[in-house]
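The values are calculated or read from the model by the stated rules, or taken from the named source; none is laboratory data. In this text the structure is predicted, and so the values were computed from the model without any measurement. Heads up, the Cβs are rebuilt from the backbone with ideal geometry, glycines too, and the neighbour counts pull from every protein chain shown. Accessible surface areas use protein heavy atoms only, side chains included; no ligands, DNA or RNA. Shrake-Rupley method; radii C 1.70, N 1.55, O 1.52, S 1.80 Å.
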Amino acid sequence: AQQLGTPLSDQEYREFFRSLRAAHHAHTACLLRELYGCQHPLIQRLDKYENHGLIPKGPICSELPGTPSFPDFCAFSFYRCTRKRYFIKV
């Protein structure tokens, strides 16, 4: 069992994004995030699923060049959406 709030493994990410692989599914989730923010129940459910049931609090570290950290998971997810880099892992 994984610790709450930890990122999914590579295999778990493949499963998680399988339903979002079609660009329009990922785009739809990003539109919901943009329109309603991270407090939307569907967005919270996706964020929790992506992080083993708990949305991480505080700064989120990233291995993205030029973007080493984000203030919270919402900002990180929004970054992925705005850059259309839906499947970047923390």
Using a Förster radius of 25 Å, what is the FRET efficiency between CYS61 and GLU34 based on their Cβ-Cβ separation? Nearest 0.05, please. 0.55
What Cys residues in the chain have no fellow cysteine's beta-carbon under 4.7 angstrom? CYS61
Where a ≥ b ≥ c are the square roots of the eigenvalues of the C-alpha gyration tensor, would you call the stretch 10-83 rounded, which needs a/c under 1.5, or, failing that, prolate if a/b is larger than b/c, or oblate? rounded
Please name whichever of TYR13, PRO59, HIS27 sits farthest to the positive end of the charge dipole of the chain, dipole taken about the Cα centre and charges placed at Cβ: Lys and Arg +1, Asp and Glu -1. HIS27
In whole Hz, with x marking every Gly and Pro, tabulate ³J(HN,Hα) for the stretch 67-81 from phi via Karplus 6.51 cos²θ - 1.76 cosθ + 1.60, θ = phi - 60°. 9, x, 8, 10, x, 6, 5, 4, 4, 4, 5, 5, 4, 4, 5
If amide H atoms are built 1.01 Å from N in the plane of the peptide, which residues on other chains or at least 5 residues away come under 5 Å of the amide H of ILE60? PHE70, ASP72
Which value in nm describes the separation of the simple spin-label points at ALA75 and TYR49, placed 7 Å from the Cα toward the beta carbon? 2.7 nm
Put a dot 7 Å past each Cα toward the Cβ at ILE88 and GLU12; how far apart are the dots in nm? 2.1 nm
Ignoring ligands, DNA and RNA, what percent of the 1.4 Å accessible area of the chain is carbon and sulfur? 58 percent
Rounded accessible area per residue of the chain, 1.4 Å, Å²: 65 Å²
How large is the helix-only mean residue ellipticity at 222 nm for the chain, computed as the sum of -39500 (n - 2.57) over DSSP H runs with n ≥ 4, divided by its residue count, in deg cm²/dmol to the nearest 500? -14500 deg cm²/dmol
